[in-house]
Amino acid sequence: MSVASPDSISNVASAARLALSVRDARKAYGFVTALAGASLDLHEGEIVALLGDNGAGKSTLIKAITGIVTLDSGDIELDGRPLRLRSPADARASGIETVFQDLAVFDNLTVSDNFLIGREQTWPRWLGPLGLLSAGQEQRQWREHASALSVSHVSPSQEIGLMSGGQRQAVAVARAVAFARRVVILDEPTAALGVRESDEILTMVRRLPERGLSVIIVSHNMDHVVRVADRAVVMRQGRSVGEMTVRQGVQKDLVAMIMGVT
Amino acid sequence: MEAHVDIAGKSSETAAGRRDYLSVLLWLLQAGPIIILVTLVVAFGLLAPHFISVRNLQNLLAQSAIVCALGLGQFLVILVRGVDVSVGSVIALSVVTVATLTGVDQPSSVALVIYPLVGLIVGLINGFLIVKGGIPQPLVVTVAMLGIVAGVALLISGGNTLVGVSPAVHWLANGKVLGIPAGALMVLVLAGLFWLMLRRTQWGRWLYAVGGNPDVAQWVGLPRDRLIMSAYAICGTTAGIAGMLYHGRTGSASPLSGIGYELDAITAVVVGGASLFGGRGSITNVLFGALIIATIRSGLQQLDVSPFWSSVAIGIGILLALELDVLRKHIETRIRTLRARQVSQ
């Protein structure tokens, strides 16, 4: 795989169509302002790192794009069309998938259960949620996707609670990636992982643009940011305060920008 | 360098060994209820000459049918991290309602529908209060309902006991099919239905998911509130069915029916290995849990041990089951860390 220099990627990205854009997002919880006019652009096939100190508003912004939090004001557009999200299910239906911080899997379910949760096919259909599931078909579905996502060594019938943090996160990422049609959001996907496990996840993320997906990644690890992201957007006190094209060696500049000492 | 490699190889080998040992322990914990049940039956069989007699076993099954029915519904509620202590008074309310509406000397099969219907209504109210009322303590909500429902049962009956029961209900509670108590058979069929719904339908998987991680369930867009409400509604319904069996066995409708049964139901579920942390357990183990309680009661009775001791034995059983559940969580965490260590080696 030939690696384009980060600058040229960024140029391509800014020339590309906007996939997702957030304009002037505002959200207050009582007297606490979480978002005070945050904006974010995400181009097609671009990986944007969303950075900021704790309490900068990253999580709230992500939750707004995911349909968990409803904004007080502001607009979210997906492919140029306004996006009205009333629930996480709306976001999923619009092609936005999220991997939440701290391993968002069901420990008591199997790998393929976790992979397909909320998307199970039942028979007969008119019975709705009381229709029967087909374990065989579900395991086939897992294998189809797993081979494309380099997690094929994970057995679909294994209970996920007994797997290591990295394997579990790989399943969570696989779930998001397999079903996302437009945007994948990763909230600190490597926070709980060891070196090798982080490495595997980052490699998986780096290849998402090949599938036509745009990615927002939140991370506190600047080395990871430099490895995967094309562009970084920095938030402070509920606003987007700056952005930077990511290339090798900008770690210090990013940290300075996050702390606001430039 | 070579020595270093050797050490690394050895440590990963022992990690795998430890993991296998832990996996076996975990499997034993999961199979615990059936092992305990078989051990108890064998032990009482050896100690008490009449314990393993057709008559006594029939009696044991018939007695445990009521607790089994209660346990099936209670399990769904515990699965989603709740608890329902109002089921005892639902027995009283369903019994009294049927006796008042249909009379006791008119044989009427309409009654068969009324028992579960009364339970369903109470269950829906429980579920609604817990989900929509924003009260985060299911225990307190259902304690309040326990009082309210028991009071309504007293109000409807005026405090009187009506003697008599419709023949259909009497047969269900006391009749036999091929020597097996009809009530036990009915509960077994019901358990089969529950097993199918929990293990083979989308609703069942979602119920386990909500119990395993309610937050993630909401994030991935599952109808969490409706799922929790459905668990309470079904729990109420099975309490109504238990009321029917209770009515049939006692042959009279007392507003004080079913007192204390909520504890037996919760005990059956917990002794059956379901986790109060939610998301764990199986229907078959709930049945084993109910049978374990009935076996302890009946066995001690056969041995002429004071019935006061059986409460103590069952209480100790609950505590043991809870501690074993904590141990299970601990073992799972250990297996996970050992796996992670192996991956990084």
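What residue, among those in the range B:214-228 that are outside any loop (DSSP other than H, G, I, E, B) and in contact with a Phe, Trp or Tyr (Cβ under 9 Å, 6 or more places away or on another chain), is nearest to B:F75 (Cα to Cα)?
Step by step, filter the range B:214-228, then rank; the result is B:L227.
Residues of the range B:303-345 being away from chain A (no Cβ under 14 Å), hydroxyl-bearing (S, T, Y) and either touching a Ser or Thr at 6+ places or on another chain (Cβ under 8 Å) or within 27 Å of B:V286 (Cβ to Cβ) (or both), which ones?
Narrowing the range B:303-345 to residues away from chain A (no Cβ under 14 Å): B:303-324, B:326-327.
Okay, now just the ones that are also hydroxyl-bearing (S, T, Y), so B:306, B:310-311.
Residues satisfying the conditions are B:S310, B:S311.
Among the residues of the range A:180-198, write down those that are acidic (D, E) and either under 14 Å from A:V48 (Cβ atoms) or within 11 Å of chain B (Cβ to nearest Cβ) (or both).
Once the filter is applied, which keeps residues that are acidic (D, E) and either under 14 Å from A:V48 (Cβ atoms) or within 11 Å of chain B (Cβ to nearest Cβ) (or both), the range A:180-198 yields A:D187, A:E197.
Could you pull out the residue among B:A253, B:A274 that is farther than 23 Å from B:A92 by Cβ and either surrounded by 21 or more Cβ atoms within 10 Å (Cβ to Cβ) or in contact with a strand residue (DSSP E or B) (Cβ under 9 Å, 6 or more places away or on another chain) (or both)?
Going through B:A253, B:A274 in turn, just one is farther than 23 Å from B:A92 by Cβ and either surrounded by 21 or more Cβ atoms within 10 Å (Cβ to Cβ) or in contact with a strand residue (DSSP E or B) (Cβ under 9 Å, 6 or more places away or on another chain) (or both): B:A274.
With a cut-off of at least 1 residues that are modelled with pLDDT of 90 or more and within 30 Å of A:L61 (Cβ to Cβ), name the helices (runs of 4 or more DSSP H) lying wholly within the range A:87-175.
A:88-93, A:111-116
Restricting to the range B:60-101, what's the tally of residues that are among the hydroxyl-bearing types (S, T, Y) and farther than 12 Å from B:M145 by Cβ?
Total meeting the criteria: 4.
Only residues in the range B:207-228 that are within 23 Å of A:A176 (Cβ to Cβ) and without any contact (Cβ under 8 Å) to a residue 40 or more places away in the chain count as the first member; pair them with residues that are of a type in the set (A, V, I, L, M) and assigned to a helix (DSSP H, G or I), Cβ under 7 angstrom, at least 6 apart or cross-chain, and list the lot.
That search, which allows pairs on different chains as well, returns B:A217/B:A209; B:A217/B:V210; B:G221/A:A89; B:L222/B:A209; B:L222/B:V210; B:R224/B:V210; B:R224/B:A217.
Specify which of the listed residues (B:T100, B:T39) is under 23 Å from B:A253 (Cβ atoms) and assigned to a helix (DSSP H, G or I).
Result of the check over B:T100, B:T39: B:T100.
Kindly indicate the residue of the range A:88-147 that is within 9 Å of chain B (Cβ to nearest Cβ) and among the acidic types (D, E) and also farthest from B:W206 (Cα to Cα) among those meeting that condition.
If we take residues in the range A:88-147 being within 9 Å of chain B (Cβ to nearest Cβ) and among the acidic types (D, E), then A:D90 is farthest from B:W206 (Cα to Cα).
How many of the residues making up the range A:66-79 are within 20 Å of the chain's Cα centre (by Cα) and not β-branched (V, I, T)?
Restricting attention to the range A:66-79, the residues satisfying the condition of being within 20 Å of the chain's Cα centre (by Cα) are A:66-71, A:75-79.
After this cut, where a residue has to be not β-branched (V, I, T) as well, the list is A:67, A:71, A:75, A:77-79.
The total comes to 6.
Which residues, taken from the range A:189-199, are part of a helix (DSSP H, G or I), crowded, with 19+ Cβ neighbours inside 10 Å and under 17 Å from the mean Cα position of the chain (by Cα)?
Correct list: A:S198 only.
Would you call A:D79 facing another protein chain (nearest Cβ under 8 Å), out of contact with any Leu (no Cβ under 7 Å at 6 or more places or on another chain) and modelled with pLDDT of 90 or more? Show your work before the answer.
Details: facing another protein chain (nearest Cβ under 8 Å): no; out of contact with any Leu (no Cβ under 7 Å at 6 or more places or on another chain): yes; modelled with pLDDT of 90 or more: yes.
In short, no.
Given the options A:D53, A:D41, name the one that is under 21 Å from the mean Cα position of the chain (by Cα), at pLDDT 90 or above, part of a loop (DSSP other than H, G, I, E, B) and among the charged types (D, E, K, R).
Answer to the check: A:D53.
Would you point out which residue out of B:G272, B:G299, B:G258 is of a type in the set (G, A, S), more than 22 Å from B:T238 (Cα to Cα) and away from chain A (no Cβ under 14 Å)?
Working: B:G272 fails: more than 22 Å from B:T238 (Cα to Cα); B:G258 fails: more than 22 Å from B:T238 (Cα to Cα).
Of B:G272, B:G299, B:G258, the one residue that is of a type in the set (G, A, S), more than 22 Å from B:T238 (Cα to Cα) and away from chain A (no Cβ under 14 Å) is B:G299.
Could you list, in sequence order, all residues of the range A:214-248 that are in a loop (DSSP other than H, G, I, E, B), buried (at least 22 other Cβ atoms within 10 Å of the Cβ) and over 16 Å from the mean Cα position of the chain (by Cα)?
Across the range A:214-248, the qualifying residues are A:G238, A:V246.
Could we say that B:R199 is under 30 Å from A:I65 (Cα atoms) and not hydroxyl-bearing (S, T, Y) here? Give the steps one after another, and end with the answer.
On the way: under 30 Å from A:I65 (Cα atoms): no; not hydroxyl-bearing (S, T, Y): yes.
For B:R199, the condition - under 30 Å from A:I65 (Cα atoms) and not hydroxyl-bearing (S, T, Y) - is not met.
Within the range B:321-331, track down each residue that is surrounded by 17 or more Cβ atoms within 10 Å (Cβ to Cβ) and among the charged types (D, E, K, R).
The answer is B:D325, B:R328.
The values are calculated or read from the model by the stated rules, or taken from the named source; none is laboratory data. Please read all numbers here as calculations on a predicted model, not as lab measurements. Please note: Cβ atoms are built from the backbone with ideal geometry, for glycine as well, and neighbour counts cover all protein chains shown.
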